[in-house]
Amino acid sequence: IRGIILRRDYPPGLDATPALVRAQQTALVDVLARLHDIDYRAVGLTDLGRPDGYVARQVRGWTERYARAQTADAPQAADVTGWLDVNLPPGSRRAALIHNDYKLDNVVFDPRAPAQLIGVLDWEMATVGDPLMDVGCSLAYWIEAGDAAEMQATRMLPTQLPGSLSRAEFLMRYSQASGIPVGDFRFYRVFGLFRLAVITQQIYYRYYHRQTRDARFGALGPMTHVLIRRAAAEARA
């Protein structure tokens, strides 16, 4: 698909006006809501995942991955993983087709009409599960202009620009577009931050053990600390 992919900063030649920024981010949310509205049974994806017990398995699986990626300088995450264990959402939420890595640099915008989202990429982690897990993982990447300096340092996407949706606006738009109430979103927020911390720690583990020489990966160790601190703070909030 030929088009525009937004990474940490807007590409040269594309003017990030507040109107365009908001239109693109709104399109991102609306397409996620459309994805979660797909009848996965009707399109033949019943065997893609096991929605029963999905959230508990995710917490257990990512906790185990973090344990395997430990380095001597890694932060302890027992407070976060323990909190997730005892705060699993009650009951079984509506199951949906979920992307599992849905963010601005995994979608494509039309170069002739940059506000129009024309493609979603990187489906290898797609499954059937709780749609709010998808939202929580997306929002882990969503850094606002008013966030603390250490969180600003973790920014990977241009979500701090004038015109950007706040995390609260993202949630409100998603709920309105999908018809799914978000309620107390704290569990999903904490899980999303922890999951991203596991990902950064897994990459840093390779750097720590000299399995890669890419110096950029060295910065991911401190990033893991920031994300674990933020997840713990959200859990205590």
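The values are calculated or read from the model by the stated rules, or taken from the named source; none is laboratory data. Values in this document were obtained by computation on a predicted structure and should not be read as measured data. Heads up, the Cβs are rebuilt from the backbone with ideal geometry, glycines too, and the neighbour counts pull from every protein chain shown. For the accessible areas, the whole protein counts, side chains as well, though only heavy atoms, and no ligand, DNA or RNA atoms are used. Shrake-Rupley method; radii C 1.70, N 1.55, O 1.52, S 1.80 Å.
Using only the alpha-carbon atoms of the chain as identical scatterers, what base-10 log of I(q)/I(0) does the Debye formula give at q = 0.09, 0.10, 0.15 Å⁻¹?
Summing over Cα pairs of the chain leads to -0.39, -0.48, -1.11.
Compute a Gaussian network model of the chain, connecting alpha carbons closer than 10 Å, and tell me which residue from His225, His209, His99 fluctuates the most.
Of His225, His209, His99, the most mobile in the Gaussian network model is His209.
I need the peptides 175-184, 139-148 ranked by packing, meaning the mean over residues of other C-beta atoms within 10 angstrom, with the highest value on top.
Values: 175-184: 14.4, 139-148: 17.1.
Sorting 175-184, 139-148 by mean packing, highest first, produces 139-148, 175-184.
How big is D for region 195-237, in µm² s⁻¹ as a whole number, if Stokes-Einstein is applied with the Kirkwood radius of its Cα pairs at 20 °C and 1.002 mPa s?
Values: Rh = 10.6 Å.
Estimated diffusion coefficient is 201 µm²/s.
Before rounding to the nearest 500, sum -39500 (n - 2.57) across all DSSP H runs of length at least 4 in the chain and divide by the residue total; then give [θ] at 222 nm in deg cm²/dmol. Write down the numbers at each step before the final one.
Numbers: 8 runs with 109 residues, N = 237.
When only DSSP H runs of four or more count, the value is -14500 deg cm²/dmol.
Could you give me the ³J(HN,Hα) list for region 167-176, computed from phi with Karplus coefficients 6.51, -1.76, 1.60 and θ = phi - 60°, whole Hz, x at Gly and Pro?
Each residue's phi maps through the Karplus curve to give 4, 5, 5, 4, 4, 5, 4, 4, 4, 5 Hz.
For region 1-140, with equal point scatterers placed on the C-alpha atoms only and solvent neglected, what are the log10 I(q)/I(0) values from the Debye formula at q = 0.13 1/Å, to two decimals?
Result of the Debye calculation: -0.72.
How large are Rg and Dmax for region 1-72 when only the alpha carbon atoms are used, in Å?
Considering region 1-72 through its Cα atoms, Rg and Dmax are 18.9, 49 Å.
Quick one: accessible surface of Tyr208, probe radius 1.4 Å, all protein chains present, in square angstrom to the nearest 10.
Looks like 90 Å² after rounding.
Set Lys and Arg Cβ to +1 and Asp and Glu Cβ to -1, take the dipole of the chain about its Cα centre, and tell me which of Val120, Leu35, Thr212 lies farthest positive.
With unit charges placed on the Cβ atoms, the residue in question is Thr212.
In Å, what is the Rg of the alpha-carbon atoms in region 108-237, and how long is Dmax?
Reported Rg and Dmax, both Å: 16.3, 48.
Distance from the Cα centre of region 40-76 to that of region 159-190, in angstrom?
The distance from the Cα centre of region 40-76 to that of region 159-190 comes to 22 Å.
Taking only Cα atoms and a 10 Å spring cutoff, compute GNM fluctuations for the chain and point out the largest among Gly221, Gly53, Gly129.
Of Gly221, Gly53, Gly129, the Gaussian network model singles out Gly53 as fluctuating most.
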